[in-house]
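Bear in mind that the values in this text are calculations on the coordinates, not laboratory data. Just so it is clear, the model here is predicted, and its values are computed rather than measured. All Cβ positions, even for glycine, are placed from backbone atoms using ideal geometry, and neighbour counts span all protein chains on display.
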Amino acid sequence: MADTEHYVREDVRGFLDMLEQMGGPQLDEVPLDQARGSYVAMGALAEAEARDLAVVRDLTCPGPAGEIPLRLYDKRENREPGPVIMFFHGGGFVIGDLDTHNAFCTELAYALDLPVVAVHYRLAPEAPFPAAPDDCEAATRWVASSPSALGRQVTGLVTTGDSAGGNLTIVTTQALTDKPADVPVIVQAPIYPVASAIEETSSYKSFGEGFLLTARTMGFFSDSYAADPQDKRNYPILHEDHASTPPTVLITAGLDPLRDSGREYASHLIQNGVDVIYIEAKGNVHGFVTIRKAVPSSQSDVDALVAAIKLMLERHS
């Protein structure tokens, strides 16, 4: 019988072998600006080309510690009132920015035919927890108010993001559920999120070395972020009321040390009566949404995510 738990796609194996041959220092062994630069360089090497869109425009909005950088994406110059997608980038709360996820945001805007607003929240260790969730909540409430700078009338929000951004997706959704904004979150779509403690999970023990995201890197991110382990904005599974969670699409990667945290959160929502579509990218690794050139099969996983979001929006329109 095939070992589906540890199945590795052919293009994933080729990418992992290439990274192993390239070698290089760990993120915590180099200056922070170099670590962040290496993430940008990885995108140039591994990510698909950005889609051509009618609108790609940088904006800012007020935040708790100053202006928050945003980027608006839309395949249409003008648009009737409708939902807007809020995107929160990954990078362990330490690395990542609007540029590292630019191509993926163009893909979302193109494939879903909805405006996307990407948020560049403050990063740790310069701005540790809870700076990131504070910024994401502030930016989402600002977009919900249909500000004139956005140029679009917002009727609802779709929250999404990858990895750390998947965590911020859930945390922001919970904040707007507890204290409603001008328009509601109608669908949330966390991508391989951190939703609960991972250190004792099977996926962490199985895939914490040799599958792109390592236990050592996660430790570096966690130490830099310095979050309170008892705070629901760190582990959103601790939130008191999951039954009021909006319809959810959640995708994990089969070879991801974070996989079981995503599985646990999806199961928790289902047990609380939430409408959930759960997808697992079997044989793929953490970070697959931004390595679609190096791992071409990742595009099919992104396509499945987009189709699921479309379906959920149709079901709850």
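More than 28 Å from L258 (Cβ to Cβ) and touching a residue at least 40 places away in the same chain (Cβ under 8 Å): which single residue out of G91, G82 fits that description?
Step by step, each of G91, G82 is checked, and only G82 is more than 28 Å from L258 (Cβ to Cβ) and touching a residue at least 40 places away in the same chain (Cβ under 8 Å).
May I ask you to list pairs of residues, at least six apart or on different chains, whose Cβ atoms are under 6 Å apart, with the first in the stretch 183-195 being in contact (Cβ under 8 Å) with a residue 40 or more places away in the chain and the second being aliphatic (A, V, I, L, M) and part of a strand (DSSP E or B)?
V185/L157; V187/V158; A189/V249; P190/L250; I191/I251; Y192/A253
I'm trying to understand the selection: among the residues of the stretch 108-136, which are part of a helix (DSSP H, G or I), of a type in the set (D, E, K, R) and surrounded by fewer than 24 Cβ atoms within 10 Å (Cβ to Cβ)?
Across the stretch 108-136, the qualifying residue is only D134.
Determine, yes or no, whether A44 is free of Cβ contacts under 8 Å to residues at least 24 places away in the same chain and either under 28 Å from V295 (Cβ atoms) or not aliphatic (A, V, I, L, M) (or both).
Against the criterion (free of Cβ contacts under 8 Å to residues at least 24 places away in the same chain and either under 28 Å from V295 (Cβ atoms) or not aliphatic (A, V, I, L, M) (or both)), A44 qualifies.
Condition check ((1) in a loop (DSSP other than H, G, I, E, B); (2) of a type in the set (A, V, I, L, M)) across all residues:
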site	(1), (2)
V171	no, yes
L176	no, yes
P193	yes, no
S203	no, no
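Confirm whether L70 is in contact with a Leu (Cβ under 9 Å, 6 or more places away or on another chain) and either part of a strand (DSSP E or B) or among the aromatic types (F, W, Y) (or both).
yes
May I ask you to say which residue of R36, R13 is in a helix (DSSP H, G or I), out of contact with any Leu (no Cβ under 9 Å at 6 or more places or on another chain) and not acidic (D, E)?
R13
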